[in-house]
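Have a look at the structure below before the remarks.
The values are calculated or read from the model by the stated rules, or taken from the named source; none is laboratory data. The structure displayed is predicted, hence computed values, not measured ones. Here the Cβ is made from the backbone with ideal geometry for all residues, glycine too, and neighbour counts use every protein chain on show.
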Amino acid sequence: MPERTNGTVLKTVEAQVSVGSNPTPSATTPSATRSPRGHRRPHAPGPARELGIRQPSLYEYFDSKHALYDALFDDGNRQLVEQLDGLRLPDARRAVQKFMRAFTEFALEDNARRQLLFERPLPGFEPTPASFARAEQVLDRTVGLLGAAGLVNADEVS
């Protein structure tokens, strides 16, 4: 059984959501359920079971479902920022191509994460200002790169 810390719990939830998030998910997948709009959302018994705890025990690590979703939102954007920052970007045109390819591949490799980061699949969920600031880092990097390539005027994008 893995050591239970907020990070371990978060990674286990991410893994469970990713496993249960395929393009044509089954309604019986234990690690995720459908939101009213048909998107996948985490279902706590799967991650709790993998950690060897009961579902209510997840709330020892997260105050609420929204706090768990917020941690997933923040961590997903952290992963994207790290991936984009790790790119070696040559001339402006190639930089835009590499950046957009990496961004697209990141979005497509995990359906549940893509939905959480770029759509609104969870009714009532709004990221906290702190985790939304991480999402703004992604936007700032994108606008900066496109501005450097002369494709947008960075001052006009808000």
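Regarding Ala92, is this residue more than 29 Å from Ala149 (Cα to Cα) and either without any contact (Cβ under 8 Å) to a residue 60 or more places away in the chain or among the hydrophobic types (A, V, I, L, M, F, W, C) (or both)?
Numbers: more than 29 Å from Ala149 (Cα to Cα): no; either without any contact (Cβ under 8 Å) to a residue 60 or more places away in the chain or among the hydrophobic types (A, V, I, L, M, F, W, C) (or both): yes.
In short, no.
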Original post:
Which of the residues belonging to the range 117-156 are over 21 Å from Asp85 (Cα atoms) and either charged (D, E, K, R) or touching a residue at least 12 places away in the same chain (Cβ under 8 Å) (or both)?
Top reply: Glu119, Arg120, Pro121, Leu122, Pro123, Gly124, Phe125, Glu126, Pro127, Thr128, Asp155, Glu156
**OP:** Considering only the range 101-129, state which residues are outside any helix (DSSP H, G or I), modelled with pLDDT of 90 or more and closer than 13 Å to Leu72 by Cβ.
**Re:** Phe125, Pro127, Thr128
Original post:
Take the residues of the range 48-68 that are under 18 Å from the mean Cα position of the chain (by Cα) and not basic (Lys, Arg): which is modelled with the lowest pLDDT?
Top reply: Phe62
Subject >> Residues of the range 67-107 satisfying the condition of being surrounded by fewer than 16 Cβ atoms within 10 Å (Cβ to Cβ) and more than 20 Å from Gln137 (Cα to Cα) >> reply: Ala67, Pro90, Asp91, Arg93, Arg94
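Inspect all residues belonging to the range 83-96 and state whether any of them is part of a loop (DSSP other than H, G, I, E, B) and modelled with pLDDT under 80. Spell out how you get there, then give the answer.
Step one: filter the range 83-96 for residues part of a loop (DSSP other than H, G, I, E, B), giving 86-91.
Then keep just the ones that are modelled with pLDDT under 80; that gives 89-90.
Checked the range 83-96: at least one residue is part of a loop (DSSP other than H, G, I, E, B) and modelled with pLDDT under 80.
So that you can scan it fast, the table gives a plain yes or no per residue for (1) farther than 20 Å from Phe132 by Cα; (2) part of a loop (DSSP other than H, G, I, E, B); (3) at pLDDT 80 or above; (4) in contact with a Gly (Cβ under 6 Å, 6 or more places away or on another chain):
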{"residue": "Thr28", "(1), (2), (3), (4)": "yes, yes, no, no"}
{"residue": "Arg41", "(1), (2), (3), (4)": "no, no, no, no"}
{"residue": "Gly46", "(1), (2), (3), (4)": "yes, no, no, no"}
{"residue": "Asp70", "(1), (2), (3), (4)": "no, no, yes, no"}
{"residue": "Gly76", "(1), (2), (3), (4)": "no, no, yes, no"}
